[in-house]
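Working notes, beginning with the structure itself.
The values are calculated or read from the model by the stated rules, or taken from the named source; none is laboratory data. Keep in mind it's a predicted model, so treat the numbers as computed, not measured. No Cβ is skipped: glycine too gets one built from the backbone with ideal geometry, and neighbour counts run over all protein chains shown.
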Amino acid sequence: MNKYINKLNFDFQTNQKILNLISQIDLYKGKWNVLEKQENTYLKELRKIATIESIGSSTRIEGGTLTDNEIEALLKEIKTIKLKTRDEQEVVGYYDTLEIIYENYNNIRLSENYIKQLHQYLLKYSDKDTRHRGEYKSLSNKVVANYPGGIQKIIFNTTDVHLVQTEMNDLINWTNEQFEKGDIHPLIIIATFVYEFLSIHPFQDGNGRLSRLLTTLLLLQQDYSFIQYVSFENLIESTKKEYYQSLMEGQKNRNKENEDISAWILYFLEKLNALTQRLAAKYDVFKSKGGYLNERQKKIKEYLNDNQPLKISDIAKRFKNININTIKKDLQYMKKEQVVQSIGKGKGTVYLIREEK
């Protein structure tokens, strides 16, 4: 379908920027995939943090008000409380859908049925969306940006209701075909899909949130697994003005021969590249601080850091309320995770904080 390919005919300078960004992202992708196979315990913690940030940012972009701390507290009580407010309903819906994607992305094919199912999950708890969840829009809608102080700005008009089915079918077929052919880099395909999805705006509500969930789904399916451990949504929230402007740049000439989506493609790749840098820094800091340790282990580490080298008996004297066998297990765990190192054998073994290389 040439209507999509024609939008990817960029000038030489833009192409060079795109190639450079893709090479940097793919270089990090390779490094991360090797690291992830080591199955470090702290990856679970990084994903937990990223999940909270993603839920918070994606809902706030669309006008939500809950902070990350409030969202974390809500999710801890999710089984015991009734979701009363719209914000609470949208947060839990986003959480459920994100978890479905994390756990099943290899089994979710990009299709109209699956996209509608994800939309249904996303709005599962939203009382106001009962009638239209999981169904394409029946009324015209516009993309509206929400700014502080309740200010709203129309970004662009969207596909007419009677054309949604055709345009979604065309977009999905083109996307799957391009992934299969492999002629276009997958990051370009994903960025184009997201732009077109937002331009069509196929559902009455939830399109922005669903577009970000679909971004995660497609990145995971193309082996960009690092997306689970750092929040793309959070980066979009912090650059919201640029996010909307890049979309509006293409929309100025929507469906015309001179429709130019280069601003969006560059925004998407630049932010994805920035995301890899953020994750690299976050990972290093998290590791150095022992973010994957429980509170007891963190206290042992802190005491060891201030008084090293120490024997197990020395640590046991300081922490009389902790069973000595528990201390031994903690030290073995911390040694395995390369937080501490040991010197000597038997009762003469001493422990030290492992130096970062």
Could you check segment 143-168 and list, in sequence order, the residues that are closer than 29 Å to residue 100 by Cα and either polar (S, T, N, Q) or modelled with pLDDT under 90 (or both)?
143, 144, 145, 146, 158, 159, 165, 166
Does segment 80-131 hold any residues that are within 22 Å of residue 169 (Cβ to Cβ) and small (Gly, Ala, Ser), and which are they?
111
Segments classed as helices (runs of 4 or more DSSP H), wholly inside segment 172-276, with at least 2 members that are touching a Ser or Thr at 6+ places or on another chain (Cβ under 7 Å) and of a type in the set (Lys, Arg)
207-221
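State whether one or more residues within segment 22-33 are out of contact with any Lys or Arg (no Cβ under 6 Å at 6 or more places or on another chain), closer than 27 Å to residue 207 by Cα and either aromatic (Phe, Trp, Tyr) or in contact (Cβ under 8 Å) with a residue 60 or more places away in the chain (or both).
We begin by selecting, within segment 22-33, every residue out of contact with any Lys or Arg (no Cβ under 6 Å at 6 or more places or on another chain); these are 22-33.
Those left that are additionally closer than 27 Å to residue 207 by Cα: 22, 25.
Filter again for either aromatic (Phe, Trp, Tyr) or in contact (Cβ under 8 Å) with a residue 60 or more places away in the chain (or both), leaving 22, 25.
Within segment 22-33, one or more residues are out of contact with any Lys or Arg (no Cβ under 6 Å at 6 or more places or on another chain), closer than 27 Å to residue 207 by Cα and either aromatic (Phe, Trp, Tyr) or in contact (Cβ under 8 Å) with a residue 60 or more places away in the chain (or both).
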Across segment 319-357, what is the number of residues that are of a type outside the set (Lys, Arg) and either exposed (fewer than 12 other Cβ atoms within 10 Å of the Cβ) or in a helix (DSSP H, G or I) (or both)?
17
Being surrounded by 12 or more Cβ atoms within 10 Å (Cβ to Cβ) and part of a helix (DSSP H, G or I) is the filter here, so list the residues in segment 143-162 that pass it.
161
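Conditions (1) surrounded by 12 or more Cβ atoms within 10 Å (Cβ to Cβ); (2) basic (Lys, Arg), marked per residue:
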| residue | (1), (2) |
| --- | --- |
| 91 | yes, no |
| 106 | no, no |
| 119 | yes, no |
| 133 | yes, yes |
| 167 | yes, no |
| 180 | no, no |
Which condition from (1) in a loop (DSSP other than H, G, I, E, B); (2) modelled with pLDDT of 95 or more is the one that residue 140 breaks?
(2)
Residue check for residue 253: in the same structural domain as residue 107 (by TED's automatic domain parsing), without any contact (Cβ under 8 Å) to a residue 24 or more places away in the chain and not aliphatic (A, V, I, L, M):
yes
Among the residues of segment 276-318, write down those that are charged (D, E, K, R) and either modelled with pLDDT under 80 or loosely packed, with under 12 Cβ neighbours inside 10 Å (or both).
284, 287, 289, 295, 306, 317
Selection count where residues are β-branched (Val, Ile, Thr) and within 24 Å of residue 176 (Cα to Cα), scope segment 1-44
4
Out of all the residues in segment 256-266, is one or more in the same structural domain as residue 98 (by TED's automatic domain parsing), within 20 Å of residue 53 (Cβ to Cβ) and either aliphatic (A, V, I, L, M) or out of contact with any strand residue (DSSP E or B) (no Cβ under 9 Å at 6 or more places or on another chain) (or both)?
no
